[in-house]
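Accompanying notes for the structure given below.
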Amino acid sequence: MMPWDFRRGKKNTAPTTERSQQQQCDPSYPDFCIPPNSPDLDCPDIPYRRFRVNQPDPHGFDRDRDGIGCER
């Protein structure tokens with residue numbers, strides 16, 4: 001669920017197929033899906049800014065390790 005949807009009170013009513021696709025996402029980035037084993041990405045390569053990052057951070061989006069990726 002995207003943070004802005006959560007703040008608006010929208011419920012996650014994703015069908016089962018979408019949930020199974022989420023399991024194929026890297027758990028280091030819970031706000032959007034980056035497939036595990038994807039090529040190395042940098043902040044300019046993605047459209048997201050100021051998102052949650054869990055360690056380990058395989059793409060290095062959270063350089064200062066404060067839990068927020070692509071702050072600049």
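The values are calculated or read from the model by the stated rules, or taken from the named source; none is laboratory data. Here the structure is a predicted model, which is why all the values come from computation and not from measurement. FYI the Cβ positions are ideal-geometry reconstructions off the backbone, even for glycines, and counts take in every protein chain you see.
Residue count for the stretch 37-63, restricted to those that are of a type in the set (V, I, T) and more than 13 Å from D26 (Cα to Cα): 1. Here is the figure for the stretch 1-38: residues that are on the phi > 0 side of the Ramachandran plot and at pLDDT 75 or above total 1.
If you go through the stretch 31-54 and keep only what is touching a strand residue (DSSP E or B) at 6+ places or on another chain (Cβ under 8 Å), in a loop (DSSP other than H, G, I, E, B) and surrounded by 13 or more Cβ atoms within 10 Å (Cβ to Cβ), you end up with D31, F32, Y48, V53.
A Cβ distance below 6 Å, combined with a sequence gap of six or more or placement on separate chains, defines the contacts here; from the stretch 34-58, residues that are hydroxyl-bearing (S, T, Y) reach residues that are in a loop (DSSP other than H, G, I, E, B) in the pairs Y48/F32.
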